[in-house]
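Before any comments, here is the structure.
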Amino acid sequence: MGRPKKFDQETVLSSAENCFWSHGIHRTSISALVESMNIQRSSFYNSFSSREYILGLILERYWARSPLGTLEQSVSSAQGLDYLARFFAQYCYFLALSAKGRGCLFFNGMSELAPQDGQIYELFHDRYLNLIEGLDHHWQALLESNNSRISDKEDAIQHMIVTLYGINHYAKSNQNPRRLIQLVAMSLYSLSPDLSRVIETMGQDLQDSTSDLIWRDEGDDGQAIA
């Protein structure tokens, strides 16, 4: 029997990420992963052991390199409005420039999975709780320095989550970043007019200088990837 083929882990993880991202969680089998990663099946099991394990690695690197991970940073009340607005503006540009009509890997998975999916569901649900915690923190920071039309924090967080789900779905058919920005700003106007206004402004700023996007990572084809 030949020795397992050596490979660059970042390269194969990127290929596996694209496989899950393009085909969805349930439709991505180990056979499909091995083929897309261009490695031997024995190498897959020796290095990653299972589909669940490699998906955990992919989700971790995706989270760290997309705007979603930025919500885990702490900010002061003086930064609350600008930071939350920047997150939504950057997320729209991420969907437009990086997802290439595939939406967000994380929100696609959350829409597809259910508790009966066991360990894979838990991987995504843990990240969902991180997202809720981040939105909670930044919304509280915004409330300390700005007015809001929704004072109940739980309602506000759910409003933002629904907006993220909705714009993710819409971005699969329309990758115009300005249109995505406009829709998010309109959705959040009923939550906070100030937040909506700053999102619009930041959207224009990002359009003028997309090189400043913190999640941007240039691939071989020059496209932003996450």
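Summary of the geometry: region 113-189 and region 34-59, compared by the centres of their Cα atoms, lie 31 Å apart. Between Thr70, Thr28, Thr163, the GNM of the chain built on Cα springs shorter than 10 angstrom shows Thr28 fluctuating the most. Compute a Gaussian network model of the chain, connecting alpha carbons closer than 10 Å, and tell me which residue from Tyr45, Tyr128, Tyr93 fluctuates the most. Taking springs between Cα atoms under 10 Å, the residue moving most is Tyr45. One equal scatterer on each Cα of the chain, no solvent, Debye formula: the resulting log10 I(q)/I(0) at q = 0.16 Å⁻¹ is -1.10. Using θ = phi - 60° in the Karplus curve 6.51 cos²θ - 1.76 cosθ + 1.60, the 3J(HN,Hα) couplings for region 117-123 round to 7, x, 4, 5, 4, 4, 4 Hz; x is entered for Gly and Pro.
Normalising the average separation of contacting C-alpha pairs (under 8 angstrom, six or more residues apart) by the number of residues puts the relative contact order of region 9-58 at 45 percent.
With a cut-off of 8 Å between alpha carbons and a minimum separation of six or more residues, what is the relative contact order of the chain in percent?
Worked out over the chain, it gives 24 percent.
In a reduced charge model with +1 at each Lys and Arg Cβ and -1 at each Asp and Glu Cβ, region 66-212 shows a dipole moment near 620 debye about its Cα centre.
Read the figures in this text as sums done on the coordinates, not as results from a lab. Since we're looking at a predicted model, the values are computed, not measured. Using ideal geometry, Cβ is built from the backbone for each residue, glycine included, and neighbour counts are taken over all protein chains shown.
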